[in-house]
Amino acid sequence: MTLLIKNGTLITASESFDADILIDGDTITQIGKNLKIENAETIDATGKLILPGGVDPHVHLDLPMFDTVSSDDHYTGHKAAAFGGTTTVMDFVVLEDRGFQYSVDIWLKKAEKAAIDYSFHMNLTQFNEKIAKQILSLREMGIQTLKVFTAYNGRLRLDDGSIFKALRIAKENGMLVMAHCENGDVIETLVGEALAKGHTTPEYHALTRPAWGAIESTLRMAAMAEQADSPVYIVHMNAGGEVDMLKYARERGVKVMGETCPQYLFFTIDDLRKPDGAKWICSPPMRTEKDNARLWEGLSDGVLQTIGTDHCPFFSDGSRPIVYEGSEVSIPGKELGKDDFTKIPNGLPGIQDRMPVMWTYGVRTGKLTANQFVAYNCTNPAKIFGLYPRKGALMEGSDADIVIWDPEKKVKYGVAHSHQRTDYNLYEGWELTGYPEKVFLRGKLIVDGDEWQGRRGGGRFLKRGEGEIL
């Protein structure tokens, strides 16, 4: 099929310009003014913006946690992503004892229902000589990234020596280490003390995970990366001090990159103190208004590189079913920790919310330019993770992942508007201006206003090449 989108304003990470865009099959084949193509289906995008499909570098779908599982799978989460303008997502594979290939095969099986394009990162939560020798096999599977943790003692955390070795292996093989930065030892001590004193309410999730642990761990990861001469990518930066550490390290030539998420720009520990505070529990936790402000500065000033979501939703009350695509669904959720904050599943919905919320409260408020919006949500993730210019770009030869964005469309947002498979939304009742009108995946219309035209199995697994250091 040949499709011509006319009279729109194309927004890229570096420029904005009026042009027509021609799609033939899966790809963009021509960009220019006043294109005239015989027998092409034509869409008039006058007054609309043309964006590359969003690339979310950080999601958790169908993830087992505690006595439940995250409530969006690789169909429902992908569908929600598409309604928010995102056409590519990157999920994290849980490393099983039987090795990398076995673990990846489990996730590929889960993702057979994928509705948009996707790739994987590998959680590196075990390390020994045997695992070290197998890391290179991930490249053959198209996985270029390893995620390490400086928290979750006894479960996910590696010691610093193992992280340093992983950084060296990554450097030797053109791979990238991603890092969850908190101080696991401090957390374990504070959690034990809180429970011993009978402090079980949601706010103690934040009080036992201090911001200084994230700050010092971020600098420590940057220092290890410099000593290994290897790049590192800090996920879900949540504290203002982390922006300071990122700036400090980058100014000294350290190849360190940083991601933040919308929840850390808008919410604080005070949200955990609400009667329904469990809804806001994620790891790392919400901080303070000063942290919100410094993270915004990090985006405005270009200190940070990407905006992900860390989408990992759970029902607020999994004992009460919701209706999703005509069927009742109930999955145990936040109520599991009603008497103990350590048993509340850690995670939030956000995969659909990211781009519409960031447009209204970032671009329309002047905190971000439209080009920065595209850089953080589309182009930079594609570059860092080895998908550019196939993804995250409006270029001849790129996949025709395209969003026709109505900058004036007004939406009263919330759970009723969202396609995330859960029973609440962080942005309930927020007034948004600017929203996707049509979303194309490789030239196929998958979202048309409020209508879903995508399908289970319509997404493709993306084998990634070596990414860029931004």
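Sub-8 Å Cβ pairs linking a first residue in the range 59-73 that is more than 14 Å from residue 156 (Cβ to Cβ) and hydrophobic (A, V, I, L, M, F, W, C) to a second residue that is open to solvent by 40 Å² or more (accessible area, probe 1.4 Å) and at pLDDT below 95, at least 6 apart or interchain, number zero. Scanning the range 201-235 for residues that are of a type in the set (D, E, K, R), closer than 13 Å to residue 187 by Cβ and either in contact with a helix residue (DSSP H, G or I) (Cβ under 7 Å, 6 or more places away or on another chain) or buried (at least 22 other Cβ atoms within 10 Å of the Cβ) (or both) yields a single hit, 209. Counting the residues of the range 1-59 that are in contact with a helix residue (DSSP H, G or I) (Cβ under 8 Å, 6 or more places away or on another chain) and of a type in the set (Val, Ile, Thr) gives 4. State whether one or more residues within the range 426-446 are open to solvent by less than 10 Å² (accessible area, probe 1.4 Å), more than 30 Å from residue 330 (Cβ to Cβ), part of a loop (DSSP other than H, G, I, E, B) and aromatic (Phe, Trp, Tyr). Scanning the range 426-446 turns up no residue that is open to solvent by less than 10 Å² (accessible area, probe 1.4 Å), more than 30 Å from residue 330 (Cβ to Cβ), part of a loop (DSSP other than H, G, I, E, B) and aromatic (Phe, Trp, Tyr).
For the range 376-410, a residue qualifies if it is β-branched (Val, Ile, Thr) and under 19 Å from residue 48 (Cβ atoms), and the qualifying residues are 402, 403, 404. Of the candidates 63, 108, the single residue that is of a type outside the set (Val, Ile, Thr), crowded, with 21+ Cβ neighbours inside 10 Å, over 14 Å from the mean Cα position of the chain (by Cα) and farther than 20 Å from residue 440 by Cβ is 63.
You will find that of 337, 350, 386, 362, the residue that is closer than 21 Å to residue 419 by Cβ and either open to solvent by 50 Å² or more (accessible area, probe 1.4 Å) or not polar (S, T, N, Q) (or both) is 350 and no other. With respect to the stated conditions, residue 323 is open to solvent by 10 Å² or more (accessible area, probe 1.4 Å) and part of a strand (DSSP E or B). Within the range 92-105, the set of residues being within 17 Å of residue 61 (Cα to Cα), out of contact with any helix residue (DSSP H, G or I) (no Cβ under 7 Å at 6 or more places or on another chain) and either open to solvent by less than 10 Å² (accessible area, probe 1.4 Å) or not acidic (Asp, Glu) (or both) comprises 92, 103, 104. The one condition from (1) more than 18 Å from residue 421 (Cα to Cα); (2) surrounded by 23 or more Cβ atoms within 10 Å (Cβ to Cβ) that residue 84 does not meet is (1).
Where helices (runs of 4 or more DSSP H) sit wholly within the range 227-305, those with at least 2 residues that are over 17 Å from the mean Cα position of the chain (by Cα) occupy 240-251, 269-272, 289-300. Which members of the range 1-23 meet the condition of being under 29 Å from the mean Cα position of the chain (by Cα), open to solvent by 40 Å² or more (accessible area, probe 1.4 Å) and farther than 17 Å from residue 378 by Cα? Result: 17, single match.
Pairs meeting the criteria (first residue in the range 266-290 and touching a residue at least 12 places away in the same chain (Cβ under 8 Å), second residue open to solvent by less than 50 Å² (accessible area, probe 1.4 Å) and of a type in the set (Val, Ile, Thr), beta carbons under 6 Å, at least 6 apart or on different chains) are 278/344; 281/344; 286/268; 286/269; 288/268; 289/268. Taking every residue in the range 84-98 that is acidic (Asp, Glu) and pairing it with any residue that is surrounded by fewer than 23 Cβ atoms within 10 Å (Cβ to Cβ) and modelled with pLDDT of 95 or more, at least 6 positions away or on another chain, the pairs with Cβ-Cβ distances below 6 Å are 96/102; 96/103.
Looking at 342, 379, just one residue is more than 27 Å from residue 459 (Cβ to Cβ), of a type in the set (Ser, Thr, Tyr) and touching a residue at least 12 places away in the same chain (Cβ under 8 Å), and that residue is 342.
The values are calculated or read from the model by the stated rules, or taken from the named source; none is laboratory data. If you're wondering where the values come from, they're calculated on a predicted model, not measured in any experiment. Cβ atoms come from the backbone with ideal geometry, glycine included; neighbour counts cover every protein chain shown. We work out accessible area using only protein heavy atoms, side chains counted, and drop any ligands, DNA or RNA first. Shrake-Rupley method; radii C 1.70, N 1.55, O 1.52, S 1.80 Å.
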